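J.: Right, I'll just put the structure down here and ask away after.
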Amino acid sequence: MQTSFSLAQLANPDIAESDKILRACVHCGFCTATCPTYVLLGDELDSPRGRIYLIKDMLETNATPGAEVVKHVDRCLSCLSCMTTCPSGVNYMHLVDHGRAHIEAHYRRPLADRALRTLLAWVLPRPALFRLALRGSRLGRPFAPLLGKRLRAMLSLAPATIPAVSPVDTPQVFPAAGARRARVALLNGCAQPVLHPGINEATIRLLTRHGVEVVVARGAGCCGALTHHMGRETPALRAARGNVAAWTRELEGEGLDAVIVNTSGCGTTVKDYGFMLRTDAAWADKAARISALTKDVSEFMSSLGLMAPAREIALRVAYHAACSLQHGQKITRQPKALLAAAGFNVLDVPEGHLCCGSAGTYNLLQPNLARRLRDRKAANIAGTQPDIVAAGNLGCMVQIGSALEKPVVHTVELLDWATGGPLPPALAGLGAPQRR
Ligand code: SF4
Ligand code: SF4
């Protein structure tokens, strides 16, 4: 694709990067067929190729984008299915991230939209505040019919009960069981420990049982993905620097073999810290080092090797491949291989490349499209007739769980259970013959 940036514009490293990405696109349109919003809406402007043109024009003219442009960029899930499909290696992720930052810097959103985004960006990365907001949402439930559709969507996804704070989610070290094979830092995250603290608990049990020392580092917290995908670079980079600093202290202290992430949406962002901080001389090298160390928990367990199952489990597991894991990190084989090695009967979900509609805050900001994608995903999963559903990303678990009768659990909860851990609470209702 030809571009027409001036030399002065190309002196900006962000523009130079986007210019390189745009020039790689040959506008073949292969990506349109696998783009969830194009599949639903059939509008070229809601396809990757259409959005690439919109972002190119917006950056070249350096203009304030119009509401139409913002609408089509906002509808993008950042699922990155287009990057898996693209034969030319177009880095759509970095282009749309730049586009969103440009929109955030130049476009004034309507008041309600601005307020909702500010609320989400402020509350979700702060566990104490998020817990408080969830408590408040229970009081708001009876008034749901009176609220707008986005606030209704928020209320519908809030859990009925809020788990207690887990003792694992404070800075500490969990020693390896037996001889130490590795030492890792675990990103314990922001929203996940509030909504489902059992995932970090299962991850720590699984890793320590396999001879891995796990450190929850002081100063680490939200990865910044949520604000990054809203185009809010200042808080996103602040979060990235905080985590890089915390894990670098561990790396240069007792040493680290990996940084483990068990929410794939966060993992994709942490693996991109090196790029996000590339122009910051004080942080670029450290961030690149942390990104290179970062592994999804399934990726790490796959290289470590799973111990023999401690129990026989006759369950059909529909494996939902989170977009951030399969498209963002190109991890497709490992979670299924681990589940099979643990004794589960793993089922592939048709249209597995399509997003479930969760996509960070997408299901709150674009509830209609998110619901259509969720229902399509739920129907595809139900067609496999599973006993349970497994996924490696909390957002997908909440989204899919809101449309399916079957229990939805994290892959590590199943691996932990199979190798000697407790039964995941979501499976308590399953019949005894199915969970021997
Ligand atoms: S598949 Fe790649 S090269 Fe083709 S239009 Fe899409 S982004 Fe451009
Ligand atoms: S990231 Fe997903 S929704 Fe966005 S353009 Fe690519 S395929 Fe479409």
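None of the figures in this text is laboratory data; all of them are computed from the coordinates on show. Predicted, not measured: the structure shown is a model, and the values here were computed from it. Positions of Cβ are generated from backbone atoms using ideal geometry, with glycine treated the same way; all protein chains shown enter the neighbour counts.
J.: Please list the non-local residues whose amide H lies under 5 Å from the amide H of Val346, H modeled 1.01 Å from N, same-chain partners needing a gap of 5 or more.
T.: Those lying under 5 Å, H to H, from Val346 are Val317.
J.: Output needed for region 148-269: three equivalent-ellipsoid semi-axes, defined as square roots of 5 times the C-alpha gyration tensor eigenvalues, in descending order, whole Å.
T.: Equivalent-ellipsoid dimensions as semi-axes: 28, 19, 10 Å.
J.: Which of the trypsin sites (Lys or Arg not before Pro) across region 258-352 are loop residues per DSSP, with 12 or fewer other Cβ within 10 Å?
T.: Hits after loop and neighbour filter: Lys330.
J.: Using 7 Å Cα-to-Cβ label points, what is the Lys71/Thr234 separation (nm, one decimal)?
T.: Those two pseudo-labels are separated by 3.0 nm.
J.: Just to verify a number: FRET efficiency for Ala314 and Ala428, C-beta to C-beta distance, R0 = 22 Å, to 0.05?
T.: E between Ala314 and Ala428, to the nearest 0.05, is 0.85.
J.: Something else about it: What residue among Gln326, Ala8, Ser402 has its Cα farthest toward the positive end of the dipole of the chain, where the charges are +1 on Lys, Arg and -1 on Asp, Glu, each on the Cβ?
T.: The residue sitting farthest along the positive end of the dipole is Ser402.
J.: Hey, another quick one. Would you calculate the volume per residue, in Å³, of the smallest convex hull containing every Cα atom of region 188-341?
T.: Once divided by residue count, the hull of region 188-341 is 121 Å³.
J.: Still on this structure, I have one more. Per the Kirkwood treatment, what hydrodynamic radius in Å, one decimal, follows for region 299-345 from the mean inverse distance over all distinct Cα pairs?
T.: 11.6 Å
J.: Moving on. What does the net charge come to around Ala202 if you take all other residues with beta carbon closer than 9 Å to its beta carbon, with K and R at +1 and D and E at -1?
T.: So the environment of Ala202 carries a net charge of -2.
J.: Lone cysteines in the chain, going by a 4.7 Å Cβ-Cβ cut-off?
T.: Within the chain, the cysteines lacking a partner Cβ under 4.7 Å are Cys25, Cys28, Cys35, Cys76, Cys86, Cys356, Cys396.
J.: Hey, for a label at Ala115 modelled as a point 7 Å past Cα toward Cβ, could you say which residues of region 346-373 have their backbone N under 19 Å away?
T.: 364-367
J.: Let me ask something additional. Quick one: 3J(HN,Hα) in Hz for region 83-90, Karplus 6.51/-1.76/1.60 with θ = phi - 60°, rounded, Gly and Pro as x.
T.: 6, 5, 7, 4, x, 9, x, 5
J.: If I model region 1-121 as equal point scatterers sitting on the Cα atoms and use the Debye formula, what is log10 I(q)/I(0) at q = 0.10, 0.13 Å⁻¹?
T.: Rounded to two decimals, the profile gives -0.30, -0.51.
J.: Here's another thing I want to ask about it. Using only the alpha-carbon atoms, how far is helix 111-123 inclined from the longest principal axis of the chain? Give it as 0 to 90 degrees, nearest 10.
T.: Around 40 degrees separate the two axes.
J.: Report the paramagnetic label zone for Arg126: residues of region 214-254 whose backbone N is under 15 Å from a point 7 Å from Cα along the Cα-to-Cβ axis.
T.: Answer for this model: 222, 227, 235-236, 239.
J.: Rounded to whole Å, give me the distance from the Cα center of region 213-268 to that of region 343-377.
T.: About 26 Å separates the Cα centre of region 213-268 from the one of region 343-377.
J.: By its C-alpha gyration tensor, with a ≥ b ≥ c as the square roots of the eigenvalues, how is region 362-436 shaped: rounded for a/c under 1.5, else prolate for a/b larger than b/c, else oblate?
T.: prolate
J.: Here's something else I'd like to know. Measure nothing fancy, just the Cα-based angle from helix 13-24's long axis to the longest principal axis of the chain, in degrees from 0 to 90, nearest 10.
T.: Value to nearest ten degrees: 90.
J.: So what J values fall out for region 203-218 if you push phi through Karplus, 6.51 cos²θ - 1.76 cosθ + 1.60 with θ = phi - 60°, rounded to Hz, Gly and Pro as x?
T.: Running phi through 6.51 cos²θ - 1.76 cosθ + 1.60 with θ = phi - 60° gives 4, 5, 4, 4, 5, 5, 4, 9, x, 10, 7, 10, 10, 9, 6, 5 Hz.
J.: Per residue of region 278-294, in order, report the coupling 6.51 cos²θ - 1.76 cosθ + 1.60 (Karplus, θ = phi - 60°) as ³J(HN,Hα) in whole Hz, putting x for Gly and Pro.
T.: Working through the residues one at a time gives 5, 9, 9, 4, 6, 10, 4, 5, 4, 5, 5, 5, 5, 4, 5, 7, 7 Hz.
J.: Subtracting the Cα-Cα distance from 0.36 nm times the residue separation, let me have the gained length for Lys330 to Ala281 in nm, one decimal.
T.: That works out to 14.7 nm of additional length.
J.: Further, regarding this structure: Translational diffusion coefficient of the chain at 10 °C, 1.306 mPa s, Stokes-Einstein with Kirkwood Rh over Cα pairs, in µm²/s as a whole number.
T.: Numbers: Rh = 22.4 Å.
My calculation gives 71 µm²/s for D.
J.: Straight-line reach from Lys56: which lysines fall under 29 Å, measuring Cα to Cα and dropping same-chain residues less than 8 apart?
T.: Straight-distance partners of Lys56: Lys20, Lys71, Lys271, Lys330.
J.: Another one. How high is the relative contact order of the chain, in percent, with contacts defined as C-alpha pairs under 8 Å that are six or more residues apart?
T.: Relative contact order of the chain: 14 percent.
J.: Would you kindly work out the equivalent ellipsoid of region 182-228 from its C-alpha gyration tensor and give its semi-axes, the square roots of five times the eigenvalues, largest first in whole Å?
T.: One finds semi-axes of 21, 13, 7 Å for region 182-228.
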